[in-house]
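Notes for the one structure printed next.
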Amino acid sequence: MKVLMVPDSGVSIEVMQYLADATIKRTESAYLQFEIIRPGAESPGVTDAGSVALDHMRTADVVAFDVTQAPPNTMMQLGAARALNKPIIFIARSAADLQLDLASVRVLIYGDDRTTVSGDFLMAWLDALDQVKAQSVTSPSGGPDLPSSATVFVSYSHVDDRYLKRLLVHLRPLERKGLIEAWSDTRIKGGDQWREEIASAIRRARVAVLLISADFLASEFIADNELPPLLAQAQARGSKILPLILFPCRYSREPELARFQAMNDPRTPLASMKQHQQESVLDSVAEMVELSIASVVT
């Protein structure tokens, strides 16, 4: 994926270079390519703003603009990107001086101190990139990108995969309607970079369903790689966390998890219920997912 970055000042160039470096390091992706536009530069991957041809814009998969100062050149290039139906990410130092025609779009704010760009800003940037990748599908005719569904990430222990299968059955009608993409590691195929696929799905998740058991809580991979970013996103972005208690376990004694309302009483785990009761709870989870998507996705 090629990301064309259009700064509006020297400060902006530094921020964009940071984003490019941090993204490649964080994702470890060999498929990301960044091109920063700035005048008088001789470094590889950086293009002179005065000689930017339309083909630079045409070959980009996404274009990032710093609109803090919104100089004429930047706004002209923004117009070209919009004319080409390119996905656009906006960043700015402050929201105070944005032009009126940008007031209705999402702008990522990096703040005045560029030496300490916040983790929330980087997370929001990575999320925006993932949305471009996951929520854009090029039409067969080569037309503009069309929005796709919202991601629901299911975190579970493989020991409990039978409950995952039943949950996915209940979520299937929402997928058929194009409302969600129910994502679990069962979507990973041979040859995929599985760690990157999981991290990418987590970053774009609007809802996370946690299938909690002693095996879930014992999993080092879940504890180190899935729960921290999911809980951080719930704090920073307001994404929804839906714990579903499968078996008796120490869920209620885990403060980071217990602060989220479980879909069932931890004293009555799913495994202790009769089948029709289990199905009723799973249907409630699917209903909550649908309500959460409606309230989070705009």
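The values are calculated or read from the model by the stated rules, or taken from the named source; none is laboratory data. All figures in this text were calculated on a predicted structure; none of them were measured in a lab. Neighbour counts run over all protein chains shown; Cβ positions are idealised from the backbone, glycine included. Note: accessible area is taken over every heavy atom of the protein model, side chains too, but ligands, DNA and RNA are not part of it. Shrake-Rupley method; radii C 1.70, N 1.55, O 1.52, S 1.80 Å.
Observations, loosely collected:
- Residue within the range 190-203 that is out of contact with any His (no Cβ under 7 Å at 6 or more places or on another chain), modelled with pLDDT of 90 or more and open to solvent by 20 Å² or more (accessible area, probe 1.4 Å) present: no
- Q277 falls short on exactly one of the conditions (1) exposed (fewer than 15 other Cβ atoms within 10 Å of the Cβ); (2) more than 26 Å from the chain's Cα centre (by Cα); (3) not in a helix (DSSP H, G or I), and that condition is (3).
- Any chance L291 is buried (at least 16 other Cβ atoms within 10 Å of the Cβ) and not in a loop (DSSP other than H, G, I, E, B): no
- Scope the range 206-216; condition among the small types (G, A, S) and buried (at least 17 other Cβ atoms within 10 Å of the Cβ); matching residues: A208, S213
- Of all residues in the range 217-271 being open to solvent by 70 Å² or more (accessible area, probe 1.4 Å), among the polar types (S, T, N, Q) and within 24 Å of the chain's Cα centre (by Cα), the one that is nearest to S157 (Cα to Cα): Q261
- Condition met for E175 (open to solvent by 10 Å² or more (accessible area, probe 1.4 Å), in contact (Cβ under 8 Å) with a residue 40 or more places away in the chain and part of a helix (DSSP H, G or I)): no
- Those residues of the range 61-86 which are out of contact with any helix residue (DSSP H, G or I) (no Cβ under 8 Å at 6 or more places or on another chain) and aliphatic (A, V, I, L, M), in sequence order: M75, M76, L78, A83
- L282 being at pLDDT 95 or above, assigned to a strand (DSSP E or B), farther than 21 Å from F121 by Cα and open to solvent by less than 20 Å² (accessible area, probe 1.4 Å): no
A quick yes/no check of all residues on (1) of a type outside the set (D, E); (2) touching a residue at least 60 places away in the same chain (Cβ under 8 Å); (3) touching a strand residue (DSSP E or B) at 6+ places or on another chain (Cβ under 9 Å):
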residue: I222; (1), (2), (3): yes, yes, yes
residue: Q235; (1), (2), (3): yes, no, no
residue: I245; (1), (2), (3): yes, no, yes
residue: Y251; (1), (2), (3): yes, no, yes
residue: F260; (1), (2), (3): yes, no, yes
residue: L282; (1), (2), (3): yes, yes, yes
residue: S292; (1), (2), (3): yes, yes, yes
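- Any hit, the range 134-147, residues being at pLDDT 80 or above and outside any loop (DSSP other than H, G, I, E, B): no
- Any pair with Cβ under 7 angstrom, 6 or more apart, that starts in the range 158-170 at a residue that is within 12 Å of D185 (Cα to Cα) and ends at one that is modelled with pLDDT of 95 or more and outside any helix (DSSP H, G or I): L164/V154; L164/Y156; L164/L211
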